[in-house]
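The values are calculated or read from the model by the stated rules, or taken from the named source; none is laboratory data. If you're wondering where the values come from, they're calculated on a predicted model, not measured in any experiment. Every residue, glycine among them, receives a Cβ derived from its backbone with ideal geometry; neighbour counts consider all protein chains shown. When the accessible area is computed, the model is the full protein with side chains, heavy atoms only, and any ligands, DNA or RNA have been set aside. Shrake-Rupley method; radii C 1.70, N 1.55, O 1.52, S 1.80 Å.
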Amino acid sequence: MISADQRRDRRSAADLIRLCVWTFVVGVATGLVAALLVFMLHGIENLVYGQHEGINPVVTDGTTGLQRFLGITVAGLIAAPAWWAVRRLGRPIRSVEEGMSGTRMPVIETLVNVFLQMATVAAGASVGRENAPREAGAMMASQLAHRLGVDRGTTRLLVAAAAGAGLGAIYHIPLAGAVFAFEILLTTVTVRAVMVVLACSAVATTTAGIVVGDQPLYSTVSLSEGFGNLAVAVTLGIICGIAGMAFRYAASRAEGSAPMGAHVLWALPLAFATVGAMSLYLPEVLGNGRFAATSVLEANPVWTFALALLAAKVVAVLITLRSGAVGGVLTPGFAIGALLGYLVGVVVQPIAPGIPLADFALLGAAAFLSTSMAAPLFALIVTVEFTGQSSEAYLALFLACATAALTGEILRSSLSLPKQIQMPWTRRKTDDETPRARRDGGHAGSS
């Protein structure tokens with residue numbers, strides 16, 4: 001005769017097997033969508049620039065100013081009415097956090113939003129592309145959970161795992177994607193969560209690898225743990241930590257103030273055209289930040305160029321978010337931090353000539369992300385995976401991220417700044433204010 005404990009163990013084993021199957025399905029689906037998005041990215045880059053990142057990491061090389069200006073301006077003219085229409089006529093586009101809380105993320109509206117994000121980034125919009133696969137993965141997990149009647153706790157876990165897996169798959173950074181799910185979305189770690197999140201990220205990244213490839217996003221910077229780099233890490237942790245905190249709140253305010261109604265029809269094209277005008281003189285201002293970061297990680301430009309590009313990139317990101325466009329802030333933040341670190345290096349290098357300027361740029365990027373994302377562990381891991389770092393780099397990067405995080409917390413407490421603010425993966429206000437949303441009572445049903 002089977003005891004109650006044995007029956008309970010069998011049910012637990014069956015539940016675990018089902019969870020493994022769901023994790024695998026979500027991981028494969030997220031990876032396939034990420035691969036499709038990268039394929040789409042390459043197609044639009046070919047159309048706009050005549051080449052794509054799979055051939056040349058800096059696709060603006062060899063392009064004319066008019067080509068760059070027209071590419072992003074036309075994208076703005078197409079994307080603005082498309083975003084206005086989906087927000088006006090469709091159901092509310094739910095955030096990743098809403099999906100985690102049990103709200104069903106609609107299929108069609110989410111996919112339109114996702115493809116618009118990727119298309120505009122490919123054409124030169126100054127935001128990150130990681131938000132698109134993150135939302136797509138979360139939506140598929142949300143739909144699966146609702147259709148299978150999964151309990152709320154498991155739904156929360158699957159949606160977070162899928163969102164992190166989408167981020168990991170689009171850049172081939174599986175560990176960073178998993179850490180994003182833990183540190184930023186779930187904020188707790190259990191054995192069950194570790195199993196699901198790591199497996200989902202690994203499956204998605206492997207699946208997307210058919211298109212994304214397995215090479216680091218940036219060339220490896222040989223960062224050592226010498227005392228010079230450790231001192232630089234602490235210095236940049238303070239400077240870039242403060243700058244990252246300022247950028248975080250500025251980006252949040254810009255996105256929170258973005259028009260969701262008819263104003264987007266003129267605000268978004270105007271912002272895109274402004275960025276296009278900047279690209280006439282600074283082609284590296286375009287895109288998600290890869291071109292800008294590459295300019296200081298792989299070369300030693302004059303400081304005036306780096307300063308101009310830093311100012312232009314900050315303005316470009318903020319006006320793009322303020323215009324009503326949607327996108328991530330990971331790679332733009334990495335680029336801004338790298339440029340700021342590089343400029344600090346230009347000032348400091350005369351008294352520390354043995355430290356390459358690329359080291360300053362890399363440590364600045366990590367420190368900046370530590371506070372701009374409010375996630376020091378994620379900043380550390382994503383910097384390692386972005387640049388293919390060896391273990392020698394860990395100590396300096398750890399110090400930079402830890403110092404930045406501490407500086408940010410001190411600054412936030414001193415100024416009484418809010419801890420919870422709007423970010424790309426959180427609630428977007430006014431989505432519920434569309435006529436369709438009011439008519440449906442704000443509920444996002446299945447598609």
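Of the accessible area of the chain, with the probe set at 1.4 angstrom, what percent is carbon plus sulfur?
Numbers: 11440 of 17330 Å².
After summing per-atom areas, the C and S share lands at 66 percent.
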Task: Neighbour cut-off at most 14 other Cβ (10 Å), DSSP loop, chymotrypsin sites (Phe, Trp or Tyr not before Pro), the stretch 230-333 - done: Tyr281
Open item on the list: Per residue, how much accessible surface does the stretch 19-154 expose to a 1.4 Å probe? Answer in Å², no decimals.
Closed with: 35 Å²
Open item on the list: Taking θ = phi - 60°, what integer Hz values does the Karplus form 6.51 cos²θ - 1.76 cosθ + 1.60 yield along the stretch 293-303, in sequence order, with x for Gly and Pro?
Closed with: 5, 4, 5, 10, 7, 10, 8, 10, x, 5, 5
Task: Computed [θ] at 222 nm, helices only, for the chain once each DSSP H run of length n ≥ 4 contributes -39500 (n - 2.57) - done: -23500 deg cm²/dmol
